[in-house]
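Asks: Got a structure here, written out as structure tokens. Questions coming.
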Amino acid sequence: MKQSIFMVLAYLQHLMKSGSGHQSDNAFTSDVVKQVIQNQEHHEAYNQIGQLRKRLLQKYQVIESTDFGSGAGNMSYKLKYVRVASIVKSSAISERCGMVLFRLVEYFKPNTIIELGTSVGISTLYLAMPKRDTKVITLEGCTTKSEQAAANFSAMKLENIAQHIGRFDIVLPQVINETPQADLVFIDGNHTYDATMANFNALLQISHPETIFVFDDIHWSAGMQKAWDEISGHERVTLSIDLFRMGIVFLRKEVMRQNLVIRI
Ligand SMILES: C[S@@+](CC[C@H](N)C(=O)[O-])C[C@H]1O[C@@H](n2cnc3c(N)ncnc32)[C@H](O)[C@@H]1O
């Protein structure tokens, strides 16, 4: 099935399954839904990131982009010349999902965050801006995109971001070796079943019961759907929240086992 048709069908299913005002008997779960998913509070950082996104959407500079992920098809990587504006338009996190990331950090106050897929850094900003002493470790295979991201981080005067450049299968094991534990993980790169499962299983090694995992594009393709179904049903996962564009899972043992589907 064509990927675009897959996504339309997945979205229709999401509309049928989801509720916007979800209730749960579990105090932890209803707090997450109210305080993180549905919280409408405004933050100045949203304006700052919004303005940067606007500027980047007008940046017509062409850069050499190396794709090691699903976009490379059967090849190990694919070189392309693309405008910064097109990268942001086609692959940066949406404002709505970015704000969910921001509130996850604000609410749970993780000390260490690992992100797979920096691109030019929009999602990293949502992760790094709520709490300037949170260490955000972000991985990206494409050097030129990482350079663009570095410029964006310094424009925002952020010093809590450590960038690692290289393919996930090479760099992630090194990062895992050097990082005692990850409190929040955001996986937004190489959207294939095999890579998503491999990255999830690798990062479970440095997780603890309070670690939160967030996956982007969970209904992007049949492979990503299969990965999400396995992850949300994984023996260590107690609560999963499907927001269509993004899925969040919790490993907390005290939380009632539940798979929520919420429209945001
Ligand atoms: C969807 S984009 C990330 C968007 C970013 N999180 C944001 O919201 O702005 C995915 C990124 O992951 C990178 N990537 C994909 N597969 C990779 C791999 N196997 N190793 C390293 N980087 C990879 C791509 O170069 C791309 O920049």
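Asks: Cross-link partners among lysines for K78, C-alpha distance below 22 Å, same-chain residues fewer than 8 apart left out?
Replies: Reachable lysines: K2, K89, K145.
Asks: In percent, how large is the relative contact order of the chain, given Cα pairs closer than 8 Å and 6 or more residues apart? Display every interim value, and only then the final one.
Replies: Numbers: 453 pairs, mean separation 48.0, N = 264.
Over the chain, the number comes to 18 percent.
Asks: If you don't mind, there's one more thing I want to ask. Pairing the Cα long axis of helix 222-232 with the longest principal axis of the chain, what angle in degrees results, from 0 to 90 and rounded to the nearest 10?
Replies: Between the helix axis and the principal axis of the chain, the angle is about 50 degrees.
Asks: Counting pairs of alpha carbon atoms under 8 Å apart in space and at least six apart in sequence, what relative contact order in percent does region 137-239 give?
Replies: Dividing the mean separation by the residue count of region 137-239 yields 23 percent.
Asks: Under the definition of Cα pairs under 8 Å and six or more residues apart, what whole-number percent is the relative contact order of region 85-130?
Replies: That works out to 54 percent.
Asks: Magnitude of the Cβ-charge dipole of the chain, K/R +1 and D/E -1, about the Cα centre, nearest 20 debye?
Replies: That gives a dipole near 740 debye.
Asks: By count of other Cβ within 10 Å, fewest leading, how are S70, S30 ordered?
Replies: S30, S70
Asks: Quick one: length gained pulling Q3 to K34 fully straight, 0.36 nm per residue minus the C-alpha distance?
Replies: That pair, Q3 and K34, stretches by 7.9 nm at full extension.
Asks: How do F200, F108, F168 rank when sorted from fewest to most other Cβ atoms within 10 Å of their own Cβ?
Replies: Lowest to highest Cβ neighbour count: F108, F200, F168.
Asks: Please give me the summed charge of the neighbours of S146: other residues whose Cβ is under 14 Å from its Cβ, Lys and Arg +1, Asp and Glu -1.
Replies: -3
Asks: Can you give the charge dipole size of region 157-259 about its Cα centre, rounded to the nearest 20 debye, using +1 on the beta carbon of Lys and Arg and -1 on the beta carbon of Asp and Glu?
Replies: On the way: 8 positive and 14 negative charges, 24 e Å.
In debye, rounded to 20, region 157-259 gives about 120.
Asks: Another one. As a quick test, which of the pairs K131/K253; K109/K131; K54/K80 have an alpha carbon distance above 18 angstrom in this structure? Spell out each step's value before the answer.
Replies: Details: K131/K253 26 Å; K109/K131 7 Å; K54/K80 23 Å.
Exceeds cut-off: K131/K253; K54/K80.
Asks: Here's another thing I want to ask about it. What dipole magnitude, in Debye to the nearest 20, does region 8-121 give about its Cα centre under +1 on Lys/Arg Cβ and -1 on Asp/Glu Cβ?
Replies: Dipole about the Cα centre, nearest 20: 500 debye.
Asks: Where does helix 3-17 land angle-wise versus the long Cα axis of the chain, in degrees 0 to 90, nearest 10?
Replies: Roughly 30 degrees between the two axes.
Asks: Helix 95-108 versus the longest principal axis of the chain: what is the Cα-based angle in degrees, 0 to 90, to the nearest 10?
Replies: Long axis of 95-108 versus the principal axis of the chain: about 60 degrees.
Asks: Among S232, S154, S65, S94, which comes first, second and so on when ranked by fewest other beta-carbon atoms within 10 Å?
Replies: So the residues, fewest neighbours to most, are S154, S94, S232, S65.
Asks: Region 1-73: which trypsin sites (Lys or Arg not before Pro) are DSSP loop and have at most 12 other beta-carbon atoms within 10 angstrom?
Replies: K2
Asks: Which of the three applies to the chain, rounded, prolate or oblate, going by the alpha-carbon gyration tensor with a ≥ b ≥ c and a/c under 1.5 meaning rounded?
Replies: Details: a/c = 1.36, a/b = 1.26, b/c = 1.08.
Rounded.
Asks: So what is the calculated 222 nm ellipticity per residue for the chain, using -39500 (n - 2.57) for each DSSP H run with n of 4 or more, over all residues, to the nearest 500 deg cm²/dmol?
Replies: -12500 deg cm²/dmol
Rule-based calculations on the coordinates, nothing more; no lab input. This is a predicted model, so every value here is computed, not measured. No Cβ is skipped: glycine too gets one built from the backbone with ideal geometry, and neighbour counts run over all protein chains shown.
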